[in-house]
Amino acid sequence: MRESYTKIKQSIILLFGEQLIFNKEFDKYFLKLKENMMNDFYDWLVKCEEGEALGSVPPRKQHKDLFVFFRKIGNSTRAILIKEQNSSFIQLILTNHNSYDDKRKELGYKKSSYYKS
């Protein structure tokens, strides 16, 4: 499992470049994935890079220079891939549902968990 993890993480860096920042919990959540889930996750990243996955510009004005992709992996793991428009991918977040919701709120996709928006 550790070998698959290392190979796929290196492939992610080759795909997007050294400028890509992984969140501090990335390794923890990535290692929890089964090997087939790791491969599906990587395939999704390739589709994002090739422009075949759905993404969007965040609603918040201060983030209009970004393009964001979201993915649910399994029951509790979530992924967010952030790209600067017309430029490079800059951040890959792999986390739990609560942190995912917090990031979505920050970007303007979600108003509040209290109102189920």
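Bear in mind these aren't lab numbers, they're just calculated from the coordinates by the rules spelled out. Since the structure is predicted, the reported quantities are computational estimates derived from the model, not experimental observations. Note: ideal-geometry Cβ built from the backbone for every residue, glycine included; neighbour counts use all protein chains shown.
What the table shows:
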item	result
Sequence-distant residues sharing a close amide H with Ile90 (under 5 Å, placed H)	Ile82, Lys83, Glu84
Dipole moment magnitude, nearest 20 debye, the chain about Cα centre, only Lys, Arg, Asp, Glu C-beta charged	640 debye
For the range 9-16, Karplus couplings with θ = phi - 60° (6.51, -1.76, 1.60), whole Hz, Gly/Pro x	5, 5, 5, 5, 5, 5, 5, 9
Label of the coordinate-derived value, mean projected area of the Cα convex hull in nm², listed as (1) 6.7; (2) 7.3; (3) 8.9	(2)
Per DSSP, loop trypsin sites (Lys or Arg not before Pro) in the range 35-117 with at most 12 further Cβ within 10 Å	Lys64, Lys111, Lys116
Sparsely packed GluC sites (Glu not before Pro) within the range 1-32, loop by DSSP, other Cβ within 10 Å at most 15	Glu18, Glu25
In sequence order, calculated HN-Hα J values of the range 59-69 (Karplus, 6.51, -1.76, 1.60; Hz; x Gly/Pro)	x, 5, 4, 5, 10, 5, 8, 10, 10, 10, 10
For Ile73, distant residues with modelled amide H under 5 Å away	Arg78, Ala79
Charged-residue dipole, Cβ positions (Lys, Arg, Asp, Glu), the range 43-106 about Cα centre, Debye nearest 20	300 debye
